[in-house]
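**Student:** Just passing along the structure, written as structure tokens.
Derivation of every value follows stated rules applied to the coordinates shown; laboratory data play no part. The shown structure was predicted, so the numbers you read here are calculated from the model rather than taken from an experiment. Cβ placement follows ideal geometry from the backbone for every residue including glycine, while neighbour counts extend to all protein chains displayed.
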Amino acid sequence: MNKFAICDICKGTNVDTLLPKLKEIDKDAEIEIGCQSFCGIGATKSFAIVNNLPIIADNEDELIEKIKESLRK
């Protein structure tokens, strides 16, 4: 089972748009929403922690592509 962790405080992440995209990738994944202690990065970049590995991108679309790529491995 995949696990996604995202922050609902950081300015670089929009939970309202990211959450549906993550559910589209894996509707059965466990999703944790809350502070992930990535405040410095999260202020300017979009990020998610996927199966305990941080994935960071300049924007949400790039983040989704990186997440998909990481799950294919």
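**Student:** Could you list, by residue number, the cysteines of the chain that have no other cysteine's beta carbon within less than 4.7 Å of their beta carbon?
**Tutor:** C35, C39
**Student:** Roughly what angle does helix 15-25 make with the longest principal axis of the chain, taking Cα atoms, 0 to 90 degrees, to the nearest 10?
**Tutor:** 20 degrees
**Student:** Take the eigenvalues of the Cα gyration tensor for the chain, scale each by 5, and report the square roots as semi-axes in whole Å, largest first.
**Tutor:** 17, 13, 11
**Student:** Count the net charge of all other residues whose Cβ sits under 14 Å from the Cβ of G34, scoring Lys and Arg as +1 and Asp and Glu as -1.
**Tutor:** -2
**Student:** Which of the lysines could a cross-linker span from K27 if the Cα-Cα distance has to be under 19 Å and same-chain partners fewer than 8 positions apart are dropped?
**Tutor:** K3, K66, K68, K73
**Student:** Right, here's the next one. Please give me the summed charge of the neighbours of P20: other residues whose Cβ is under 13 Å from its Cβ, Lys and Arg +1, Asp and Glu -1.
**Tutor:** Around P20, the surrounding residues sum to -1.
**Student:** Something else about it: Return the sequence-ordered ³J(HN,Hα) values of the stretch 35-42 in whole Hz as given by the Karplus equation 6.51 cos²θ - 1.76 cosθ + 1.60 applied to θ = phi - 60°, using x for Gly and Pro.
**Tutor:** 4, 10, 6, 10, 4, x, 5, x
**Student:** Let's see if you can work this out: charge +1 on each Lys and Arg Cβ, -1 on each Asp and Glu Cβ, no other charges. What is the dipole magnitude of the chain about its Cα centre, in debye to the nearest 20?
**Tutor:** Taking the Cα centre of the chain as origin, the dipole is about 180 debye.
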